[in-house]
Structures are given as structure tokens and as C-alpha cells.
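Visitor: Pasting a structure below so you can have a look.
The values are calculated or read from the model by the stated rules, or taken from the named source; none is laboratory data. Quick caveat: nothing in here was measured; it's all calculated off a predicted structure. All Cβ positions, even for glycine, are placed from backbone atoms using ideal geometry, and neighbour counts span all protein chains on display. The area values use the complete protein model at the heavy-atom level, side chains included, leaving out ligands, DNA and RNA. Shrake-Rupley method; radii C 1.70, N 1.55, O 1.52, S 1.80 Å.
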Amino acid sequence: MSLRPILSRRRAPAWLLLAALALPGLAGLASPAVAQGTATIQGAPAAPGTTAIPGTAAVPPPFDPARLVPQTGPVFRQAETLGRQIYVLDGAVALASDLLRRQGVDLRASGVSGWVTEPVAAGILVRFVRRGSAGPEALYDVTVTATGAPPTLARRDGAPLTPDQAAQFAAEQLALGKIDQPCSKTYNPIAFRDPGTRNWRVYALAAPAGPGVFLIGGHYRFLVSPDGGRILSGGRLSPPSCLAGQATAEGQRAVGFAVMEAQPAPTETQVFLSLLHQLPLIVMTPPDGKRWLVAGGSIWSMR
């Protein structure tokens, strides 16, 4: 399975990423707020024509707030928090990759085989990794800040990974090797410690084949041991098909529909995709076809 730096076209507007990154719960990644699922996007401005519901993102048009019920249970809060966390880290990698390209760096030619991310005082550190003679080693560090300042770049030239970074990289590579029903030639990993444990949550995100296409299906989630050496659980997420959306002729995306066959409620990857593409998703779940709206990092049930 191939891997390439996340392209800047996959990134949502910078204000939304920075607003999420500024939240203590997301910037800390392992803070009690993340573990308890209490983080909310409060710093992002509401889009024109939207209606705010206290404690949630704004309801996007054309949906009627009177027909939506905000979901506050622990399952939904966890999906929202994890989805926002994936979005922040994915966005940081996109910004870091974009900076390296502008600097004329060819990551493929440089031998980069992946990256790790971790919180630092200034924001998020994205460390690009290559395989050296003694094992994985750092090549470039990019720090993405929450202040709106440009990302900063430092060349590391084979510096060793920290034990935590080495475990994260091993977990990502192990997960990428377990993709058995790919929906894309390229999968990009995002990993962080599972809230409340030392295990790794690894998401393998299917990259779209071209501009204007977004994949709703085909993403994977794994739980990996703390040392990155053993998969504890996981696999492909619903929907089971390679469900994809396409921009309309006017360049605007319609609402996406994802029919779940295993999970009883929307997942964190659908929260992430809705944020990434600024796309409201209507998710239908069995057994009675219950409908949910996922938008702006929040989940509502639909009456």
C-alpha cells in the first residue's frame, strides 16, 4: 500500500483548523477533556446563513434546527472529539507537506516513508520519517502553530526518533500493512494515544483519486499495542463499500449519504470527513433507518 504526503487540496480552510487546534482538549491530545469527550469547537465563526445550537456547531442550511436534536451522550461525544482530533492532525500534516513542497523538497526522492505527529508547546509537531541503516530516523520537522503564524521547518538529517515516536511510526506501518480491501491506491495514517490507555489509535484514511472526489467509505481504524508491535483490534469502518461523493457541475458538493451496516451511530471518521470537506453528511443506521446529521464537528438526530 503506497503512502504520500497529504496534499493541500485535502485541507479545509485554515481558520477552521486553527480554531480546533486552539482548543486545549485537542492541542493536548491526551488531556482529560479529550478523554471525557468534552471539547467543542467554540472559536470557529459560524458560516453565513447558519443557526447556532448551544454546545454544538451551527446548523448548516437547508436543515431546520427545529427538526434536529443535539446528541450529548458519551458515544456521540467520543465520536465528535475523536473526529475533531483526526481533523486537527490530518490538517497539520497537510500544512506541513505544503510547506515542504513550497521549499522544493521532494519527499519521495528523499526517502520519506511516513510521519509522526505529537503535541508541543507551540502547536503540533509533524516529523517526517525515513528508514535509515539503524532503523526509522527523522528527516524534517515542521511545527504547525495555533496562532496563525506560518509553520516552521527544521531539517533533522537522520536524528533518532524518541521512543514514543518510534512506537507511533511502528503502529502506523503495521496498520497500513493490514489494509486488505483498499478503496484507494494511497492511504494516509493518523495516530494518537487512545484516550484513557497507552494503546495507539491508528486511522488509515483513503485518499481520493482526483480533485472534486471525496471518499466516505474505505477508511480503517485499528487499536495497536503501546509499543506499536501488535494489533489488538480493528479493521475497515462502515460503510462497507467504497462510497464516494463528487462535486456538482457548479463546483458545490451535495449532502452526502452514508448507510451504515454495523455501527448504530455515526463514527468519528464521518465527523472528520464532514469537517474536512465542509460537507453535511446524513447517516442512516439499522435496523429502522434512523437518520443522523453530521456537520461542523457535531452530531444531531433527525426527526
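Visitor: Consider the range 200-214. How many of its residues are open to solvent by less than 30 Å² (accessible area, probe 1.4 Å), touching a residue at least 12 places away in the same chain (Cβ under 8 Å) and over 13 Å from the mean Cα position of the chain (by Cα)?
Guide: Count: 4.
Visitor: Also, I was wondering about something else. Being at positive phi and outside any loop (DSSP other than H, G, I, E, B) is the filter here, so list the residues in the range 117-149 that pass it.
Guide: GLY123, GLY135
Visitor: When you look at PRO189, is it more than 19 Å from the chain's Cα centre (by Cα), surrounded by 12 or more Cβ atoms within 10 Å (Cβ to Cβ), closer than 30 Å to ALA122 by Cα and touching a residue at least 12 places away in the same chain (Cβ under 8 Å), yes or no?
Guide: Answer is no for this residue.
Visitor: Test GLY177 against the stated conditions and say whether it is open to solvent by less than 40 Å² (accessible area, probe 1.4 Å) and either out of contact with any Lys or Arg (no Cβ under 9 Å at 6 or more places or on another chain) or closer than 26 Å to LEU273 by Cα (or both).
Guide: For GLY177, the condition - open to solvent by less than 40 Å² (accessible area, probe 1.4 Å) and either out of contact with any Lys or Arg (no Cβ under 9 Å at 6 or more places or on another chain) or closer than 26 Å to LEU273 by Cα (or both) - is not met.
To keep it simple, each residue is scored yes or no on (1) in a helix (DSSP H, G or I); (2) more than 30 Å from PRO74 (Cβ to Cβ).
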| site | (1), (2) |
| --- | --- |
| GLN165 | yes, yes |
| PHE169 | yes, yes |
| ASP180 | no, yes |
| ILE190 | no, no |
| PRO195 | no, no |
| PRO211 | no, yes |
| GLY218 | no, no |
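Visitor: State which residue is farthest from PRO150 (Cα to Cα) when the search covers only the range 96-116 and only residues that are assigned to a strand (DSSP E or B) and open to solvent by 10 Å² or more (accessible area, probe 1.4 Å).
Guide: The selected residue is SER113.
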